[in-house]
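Scroll down for the structure; my scribbles are underneath it.
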Amino acid sequence: MWAILLFSDTITFMKNGGIKLIAQNKKAAFNYFLSDFTECGISLLGTEIKALRSKGCSIIDAYIVIRNGEAEVVNMHIPEYDKGNLFNHEPLRTRKLLLHKKEILWFANKIKTGGFTIVPTKIYFSKGRAKLEIALAKGKTLHDKREAISKKTAKREIEKATKTTDRNRWRGNTMDIDNVVKELKAYHIALITL
């Protein structure tokens, strides 16, 4: 079942009353090895919810800290609400995360013993409530980042080559796809050795 929701002159399609994505942190996947994804709620003010629905937010520089047995998200930027007058919120204020005590203790233990950090990966609305997906993160070295880039480019080249060979087959030209894949794999190996 599909539903169409209207928010601030934009049409959003949601399946099964599901998820409306607000922001995604793609930079975190590039800079960290991510594991143990957890969904949690956020304690927000009324103007923050309205601003999330109309303008969105930025979680690129955000991170999670654990203070006094509570998890908090720092540097999450939610812009001010246009019609919020003097009751408006601060865009970069620290916001409390809604997690169970066992989850907070588990994350705190991982941070202390394993050299991990916690970063937000997505913020979205689920059934009308704002949710934040957080992940346990371990930093990548420069070598790991270069390897990820070379794998991504090699995969893109392989997909591009298979698309062109499929088009050529329909036009009557027959190209040997195995030779193209071998050439691209050799190119990928050459990139990795650099």
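Answer with yes or no whether L105 is part of a strand (DSSP E or B) and among the aliphatic types (A, V, I, L, M). Here the answer is no, as L105 does not meet what is asked.
For I66, indicate whether it is in a helix (DSSP H, G or I), more than 15 Å from the chain's Cα centre (by Cα) and not acidic (D, E). When the stated conditions are applied, I66 does not pass them. Apart from one condition, L34 fits all of (1) more than 22 Å from the chain's Cα centre (by Cα); (2) open to solvent by less than 60 Å² (accessible area, probe 1.4 Å); the exception is (1). Restricting I42, I78, I59 to residues that are buried (at least 18 other Cβ atoms within 10 Å of the Cβ), of a type in the set (A, V, I, L, M) and in contact with a helix residue (DSSP H, G or I) (Cβ under 8 Å, 6 or more places away or on another chain) narrows the list to I78. Under the condition of being part of a helix (DSSP H, G or I) and in contact (Cβ under 8 Å) with a residue 24 or more places away in the chain, which residue from region 21-45 is nearest to G139 (Cα to Cα)? Taking the candidates together, the pick is N31. Of the residues examined, K151 is one that is open to solvent by 10 Å² or more (accessible area, probe 1.4 Å), in a helix (DSSP H, G or I) and out of contact with any Gly (no Cβ under 9 Å at 6 or more places or on another chain).
The values are calculated or read from the model by the stated rules, or taken from the named source; none is laboratory data. This is a predicted model, so every value here is computed, not measured. Counting neighbours? That spans all protein chains shown, and the Cβs are built from the backbone with ideal geometry, glycine included. Remember, those area values only see protein heavy atoms, side chains included, never the ligands or the DNA or RNA. Shrake-Rupley method; radii C 1.70, N 1.55, O 1.52, S 1.80 Å.
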